[in-house]
Amino acid sequence: MELSPLVLILALPFAASLAVVLFPSTSREPATWITGATMVACFALTVSLYPSVASGEPVRYLGAWLPSLGLNFSLRMDGFAWIFALLVTGIGFLVVMYARYYISAEDPVRRFYMFFLAFTGAMLGVIVAGNLILLVVFWELTSIFSFLLIGYWHHNQAARDGARMALTVTGLGGLALLAGMLLLGHIVGSYDLDAVLQAGDRIRSHPLYVPTLLLILLGTLTKSAQFPFQFWLPNAMAAPTPVSAFLHSATMVKAGVFLMARLWPVLSGTPEWFVIVGIAGMASLVLGAYLAMFQHDLKGLLAYSTISHLGLITLLLSLGSPLAAVAAIFHMLNHATFKASLFMAAGIIDHETGTRDLRRLSGLFRYMPITGTLAMVASAAMAGVPLLNGFLSKEMFFAEAVLTHVDSWLDTAAPYAAVLGSALAVTYSLRLIHSIFMGAPPESFPREPHEPPFWMRFPVMFLVMACLIVGIMPAQTIGPFLHVAVSSVLGEATPSYSLAIWHGFNIPLAMSVIALAAGTLLYLVAGNALERSERPLFLGRIDGQRIFERVTVAISWRFARLIEEVFGTTRLQPQMRLAVAAAIAAGAAPLVMAGLAFGDHRNGTTDLAFAGLWGVGVVCAIAAARLAKFHRLAALALLGGTGLVTCLTFVWLSAPDLAATQLVVEIVTTVLILLGLRWLPKRSRDLAEPTDWLLRLRRWRDLTIAVVAGLGMAVVSYAVMTRTPPETIASFFLDKAYAEGGGRNVVNVILVDFRSFDTLGEITVLGIVALTVFALLRRFRPAPDTIERPEQQLIQRSNDEADPDREPGSTEAEYLYVPSVIMQWMFPVVIVLAVYLFLRGHDAPGGGFAAGVAMAAGFILQYMAAGTVWVENRLRILPVVWIGGGLLVAALTGAAALLFGDPFLKSYFRYGELPLVGKVPMASATLFDLGVFSLVVGATVLMLIAIAHQSIRRLRAARLGEERQRWN
């Protein structure tokens with residue numbers, strides 16, 4: 001079945017991001033080529049959809065996910081999404097070409113392109129999402145990946161702070177957006193974007209319109225750095241310049257105004273929309289332009305100019321006029337071209353001179369005339385000079401600003417704010433050109449300036465040429481594409497408009513002349529003062545970063561500290577007590593409200609042997625709890641007895657698959673805990689024994705909580721098992737397991753087929769847990785009394801020094817020699833057993849999970865037999881690769897179903913013919929099970945390595961002590 005181009009456009013960047021991970025960290029050329037090819041492929045696929053979107057009918061893709069809840073993997077591309085996708089992929093390709101020369105060979109190039117591709121995919125997801133919830137998912141992904149890109153140079157404190165601030169502000173805005181989208185879907189009765197866009201009157205007249213509007217605008221204004229959330233964007237300038245160029249031109253900050261324009265038909269036209277969006281836009285337009293004049297950092301100037309231009313777009317969208325919406329969409333496109341070219345020119349200046357401080361740059365035109373010319377043209381487009389694209393959209397802005405839409409002070413002030421903001425834009429554009437390229441050069445630059453390589457300069461040349469061509473021939477170049485975008489947003493409300501360069505002598509032209517003249521005059525008068533100023537006039541004491549940091553510190557110090565004082569503790573037992581008590585409350589609440597009744601099947605026979613078996617299990621559990629505080633080894637053995645009783649219970653109740661899994665899990669977890677006990681400090685019974693009534697009371701309290709939790713689960717389980725459900729799903733799985741899943745082991749078929757998405761989530765959590773355990777144990781330091789070797793290991797073999805591969809000072813005692821040899825010989829046997837369990841798992845007890853745990857047991861035997869150093873000198877285990885590979889195999893197995901137009905993780909089953917073997921069953925779920933197997937092996941072995949490396953740390957500490965003694 002043919003794969004939808006929309007799916008390819010969305011999936012290619014993520015797939016390429018995963019592919020880049022496989023390269024070495026310094027693989028510059030392969031990573032660049034793959035990233036560039038991905039951008040070109042997505043661009044070409046987007047172009048191929050133009051005939052469809054130009055016809056007025058959006059291109060759609062619908063993948064069934066949770067249709068009963070209105071949650072489908074729905075993709076939708078109309079003319080507006082098409083032109084934005086063209087911007088993202090086209091400018092993305094130019095940024096990749098530019099980054100090839102900008103990113104140093106010493107930087108981790110692979111990581112840059114991995115984050116860049118993932119961010120591109122997330123932005124494309126925002127653009128083509130046809131479902132409100134899916135849009136929010138990609139929206140939050142842009143925040144996450146932009147955080148990684150902004151903090152790419154994580155050794156830089158400014159980069160870390162800027163990334164944290166951006167993630168905090170946009171992440172909180174994303175949560176508000178999620179709430180707003182849920183309300184919007186509730187109002188419409190559907191989360192489908194097509195249904196939402198057709199329900200404008202219902203949305204605006206609904207009582208929940210105002211809270212919905214506030215939440216959605218909170219998300220869009222934070223993302224586009226609009227007042228009062230503009231402070232995070234200048235602090236994100238610590239990112240590499242290719243990242244800044246991409247974020248400011250076609251992605252990230254454009255996502256907010258993109259969503260406002262997307263929802264403009266259904267949210268605009270009300271006083272609430274006009275006031276909130278208008279104030280934010282007007283304040284951002286003027287404030288951003290004003291602060292840009294005082295910046296000495298070239299990228300800081302461009303960042304504040306972005307805030308100002310996005311404020312212009314926001315103000316246009318607030319007016320409620322279709323022509324204003326046309327001007328807003330047009331300026332989004334124009335701003336993308338000149339802002340991307342300016343950021344890349346700024347990067348070239350920084351790259352070639354070693355600084356971007358405007359006070360240290362002058363006379364650069366004689367060294368870099370081509371770059372200087374390109375930067376001047378782009379700056380003129382930003383200032384709105386005639387015959388450039390920025391002039392055309394600003395003319396449309398002025399025309400709409402002078403029209404009266406709402407009788408209010410805000411509408412009256414709009415023309416004046418438009419002229420003021422444009423005049424200030426002329427001023428900071430002139431400062432940029434004059435400070436860098438004009439005048440006498442300084443005595444020396446940090447680096448000797450010269451023109452960059454041609455292909456580093458080519459993206460700037462291409463974008464500046466676009467500014468010129470669109471500015472001179474707008475109707476012939478951008479006109480058809482703009483009409484497609486505008487008509488897809490406004491529909492039947494699309495007005496007639498003209499993209500001609502000359503409209504005669506009119507008020508908008510006079511406003512343009514006034515803005516150009518006033519901005520030029522202001523720079524001539526105050527240019528020197530701007531160069532000398534240390535902070536903006538009147539607003540110098542208002543520092544957005546300082547306010548943000550003080551607010552976050554206040555929240556973390558007061559609110560978080562209060563919660564920590566009430567609920568926090570460094571001891572594990574109180575934490576467990578709170579967790580169990582919360583679980584009891586959560587389970588008891590619905591029972592109290594709905595009541596609890598037992599079923600009619602309470603007259604079953606009692607098997608005394610089975611009851612005796614469980615009596616043994618209960619005694620073991622109680623004894624383990626009693627001895628856990630003083631005799632850890634005995635408690636662990638008793639706990640293992642309880643696990644064995646559980647295993648036998650599964651056998652008794654005819655569940656051999658569960659029994660096999662329980663058995664191998666019990667063995668591995670018991671051994672891992674046993675290895676961990678080696679590094680815990682000794683406990684003294686005298687010190688731990690309660691000495692007063694308060695301590696005894698606490699122990700009775702803990703016992704009561706445990707008994708209540710256990711009895712509660714027992715009662716609920718009994719109530720469930722004595723009932724006859726109205727409909728049972730057991731027969732469904734029994735009937736469908738082989739017919740549709742291709743397996744006779746119903747439990748395994750459920751795990752890897754019918755409920756494979758649950759399993760995918762569970763193995764993901766397992767991998768995260770393993771990585772967390774490893775990270776925690778890396779910082780763990782053994783107790784001092786565990787550093788010395790146990791008495792049982794003091795008898796060393798006489799040939800320690802004769803074996804160079806043996807871990808120094810850690811050879812086996814004589815009485816462990818035979819068991820250690822046997823454990824080493826068991827490794828091939830365990831591998832065969834694991835393969836056997838895996839291959840038979842689809843039709844008989846076994847499966848990927850049980851096989852993975854069995855395989856991990858083989859590694860555990862090797863570590864126990866020969867020690868950490870001996871094993872890792874002979875086996876290249878790489879558990880993280882096992883974890884990542886397992887997740888990748890499981891996810892790709894599920895994604896393969898999309899190639900056939902089926903839902904994610906849909907499985908296939910058929911019989912195939914193999915040479916010399918004959919007909920064999922083949923199920924795609926087996927590959928998914930292989931991913932489970934790989935991840936379980938990696939996760940278990942990673943935790944094993946984390947524990948085993950404590951012995952290496954002990955040896956290193958001992959050697960360090962010996963060296964210090966020799967020096968002393």
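What is the local net charge at residue 109, summed over the other residues whose Cβ is closer than 11 Å to its Cβ (Lys, Arg +1; Asp, Glu -1)?
Once positives and negatives cancel, what remains is +1.
Report Rg(Cα)/(2.2 N^0.38 Å) for region 268-537, keeping two decimals.
Normalised Cα radius of gyration, region 268-537: 1.01.
Write down the radius of gyration of region 433-562 and its Dmax, each obtained from C-alpha positions, in Å.
Cα radius of gyration and Dmax of region 433-562 are 23.9, 67 Å respectively.
Under 9 Å from the Cβ of residue 841, count the other residues' Cβ atoms, weight Lys and Arg +1, Asp and Glu -1, and hand me the total.
-2
Hey, can you grab everything whose amide H is under 5 Å from the amide H of residue 599? Only 5+ residues off in sequence or another chain; H modelled, so Pro and N-termini drop out.
722, 723
If you average 1/r across every pair of different Cα atoms in region 192-282 and take the reciprocal, what Kirkwood value do you get, in Å?
14.3
May I ask you to evaluate 6.51 cos²θ - 1.76 cosθ + 1.60, the Karplus curve with θ = phi - 60°, for each residue of region 204-221 and list the ³J(HN,Hα) values in order in whole Hz, giving x for glycine and proline?
Calculated HN-Hα couplings, in order: 5, 8, 7, x, 8, 4, 5, x, 4, 4, 4, 5, 5, 5, 4, x, 6, 5 Hz.
If you fit an axis through the alpha-carbon atoms of helix 656-677 and take the longest principal axis of the Cα set of the chain, what angle between them do you get, 0 to 90°, nearest 10?
90
Can you tell me the 0 to 90 degree angle between the C-alpha axis of helix 5-21 and the longest principal axis of the chain, rounded to 10?
Between helix and principal axis, roughly 60 degrees.
Under the Karplus relation 6.51 cos²θ - 1.76 cosθ + 1.60, θ = phi - 60°, what is the ordered set of whole-Hz ³J(HN,Hα) values for region 346-353, x standing for Gly and Pro?
Whole-Hz 3J(HN,Hα) from phi for region 346-353: 4, x, 5, 4, 5, 5, 8, 9.
Sorted by average packing, counted as other Cβ atoms within 10 angstrom per residue and highest first, what order do 249-257, 858-866 take?
Result, highest mean Cβ count within 10 Å first: 249-257, 858-866.
According to a simple spin-label model (label point 7 Å from Cα along Cα-to-Cβ), what is the distance in nm between residue 576 and residue 596?
2.3
List the pair-distance distribution P(r) of region 826-944, using every Cα-Cα distance, as the percent of pairs falling in each 10 Å bin from 0 up to the bin containing the longest distance, rounded to whole percents.
Distribution as computed: 14, 36, 31, 15, 4, 0 percent.
So what is the relative contact order for region 268-537, in percent, with contacts set as C-alpha pairs under 8 Å and at least six apart?
26
I want to check the label-to-label distance for residue 208 and residue 698. Put each point 7 Å from Cα in the C-beta direction and report it in nm to one decimal.
Between residue 208 and residue 698, the label points sit 4.8 nm apart.
If you take the square roots of the eigenvalues of the alpha-carbon gyration tensor of region 13-67 and sort them as a ≥ b ≥ c, do you get rounded (a/c under 1.5), prolate (a/b over b/c) or oblate?
Verdict is oblate for region 13-67.
Tell me which residues come under 5 Å, amide H to amide H, from residue 72 once H is placed; ignore anything under 5 positions away on its chain.
Distant-sequence amide H within range of residue 72: 66.
What number, in nm² with one decimal, is the all-direction average of the projected area of the convex hull of the alpha-carbon atoms of the chain?
Approximately 51.6 nm², given one-decimal rounding.
So for each of 95-101, 306-312, 35-41, 826-832 I average, over its residues, the number of other beta carbons within 10 Å; can you give me the resulting order with the highest mean first? Intermediate values should be presented prior to the final figure.
Working: 95-101: 23.9, 306-312: 28.1, 35-41: 21.0, 826-832: 13.7.
Order by mean packing, descending: 306-312, 95-101, 35-41, 826-832.
What value, in deg cm²/dmol to 500, does the helix sum -39500 (n - 2.57) over DSSP H runs of n ≥ 4 give at 222 nm once divided by the residues of the chain? Walk me through the intermediate numbers first.
Numbers: 40 runs with 671 residues, N = 968.
So the calculated ellipticity at 222 nm is -23000 deg cm²/dmol.
Can you give me the relative contact order of the chain as a percent, contacts being Cα pairs under 8 Å and 6 or more apart?
9
For helix 572-594, what angle does its Cα long axis make with the longest principal axis of the chain, in degrees from 0 to 90 and rounded to 10?
Helix 572-594 and the main axis of the chain meet at about 80 degrees.
How many lysine pairs are close in the chain, with Cα atoms under 13 Å apart and the two 8 or more places apart or on different chains? If you can, show how the numbers build up before the last one.
Numbers: 223/254; 254/339; 299/339; 629/682.
Taking the Cα cut-off of 13 Å, the pair count is 4.
Can you compute 3J(HN,Hα) from phi for each residue in region 114-123, using the Karplus curve 6.51 cos²θ - 1.76 cosθ + 1.60 with θ = phi - 60°, rounded to whole Hz and x for Gly and Pro?
Per residue, the Karplus-derived 3J(HN,Hα) values read 4, 5, 4, 5, 5, 5, 4, x, 5, 5 Hz.
Could you calculate the contour length gain from residue 631 to residue 29, that is, 0.36 nm times the residue separation minus the distance between their Cα atoms, to one decimal place in nm?
Result for the pair: 210.8 nm of gain on full extension.
Let me check I've understood the local charge: for residue 418, count other residues with C-beta under 12 angstrom from its C-beta, Lys and Arg +1, Asp and Glu -1. What total comes out? Working shown, then result.
On the way: positive: 394; negative: 395, 400, 411.
That sum, taken over residues with Cβ under 12 Å, equals -2.
Once label points are set 7 Å from the Cα along Cα→Cβ at both residue 775 and residue 835, what is their separation, rounded to one decimal in nm?
3.7
Only the coordinates and a few stated rules stand behind these numbers; no lab work does. Only a predicted model underlies this, so the values are computations on that prediction, with no experimental measurement involved. Heads up, the Cβs are rebuilt from the backbone with ideal geometry, glycines too, and the neighbour counts pull from every protein chain shown.
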